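Any read-out appearing in this document is the output of simple, stated calculations on the displayed coordinates, not a laboratory observation. For clarity, every value in this text was computed on a predicted model and none was experimentally measured.
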Amino acid sequence: MSRTQQKRLSKRTLEQWLSEYSVSHQNLVNKKIHWLCVPTIFVSLLGMGMSLSVWFTLVLSALVLLFYMRLSTPLFLAMGMFILICLSVMALLPWGFKVWAAVFVVAWIGQFIGHKIEGKKPSFFEDLQFLLIGPAWVANSLIGRKKSQA
């Protein structure tokens, strides 16, 4: 079994996830791009989802929150509040699927520009679960917590 497969099967702690994610997010410009683009991608995904199926999006959001709850109760609460903020933004900006999709694409372009500047590939190329760690990393970074306090 390869090292990558072992990592996928292991239950990493939040600190381990954040530490691994941070490896490809050291450049200050890349960090700032991620602080803007990761939440934008998250809200745009919710916007696209809500445009297609409210119930499916809410169920998927609940499953995402379960992933965060497994890692950390404070993270679960923070991401639950963030999802509520996203839903509020969507209520204030009642855009359709196409607009949310355009926001999603632009934000991903920003992410890839950030990684080009960083000189490292995005973490999710190694493990798709890093797509859920990105928002946790942003939340952790913005509140100024150190990895050992996560």
Check: Does the range 28-145 come out rounded, prolate or oblate by the C-alpha gyration tensor, with a ≥ b ≥ c the root eigenvalues, rounded set by a/c under 1.5 and, if not, prolate when a/b is larger than b/c and oblate if not?
Finding: oblate
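Which of 32/121; 31/98; 11/121; 32/120 have a Cα-Cα distance over 25 Å? Intermediate values should be presented prior to the final figure.
Values: 32/121 17 Å; 31/98 27 Å; 11/121 23 Å; 32/120 16 Å.
The pairs that break the limit, which is 25 Å between Cα atoms, are 31/98.
Rounded, prolate or oblate: which fits the range 14-88 when a ≥ b ≥ c are the square roots of the eigenvalues of the alpha-carbon gyration tensor, with rounded for a/c under 1.5 and prolate only if a/b beats b/c? All intermediate terms of the calculation are to be shown ahead of the outcome.
Working: a/c = 2.43, a/b = 1.41, b/c = 1.72.
Judged from the Cα gyration tensor, the range 14-88 comes out oblate (a/c at least 1.5, b/c at or above a/b).
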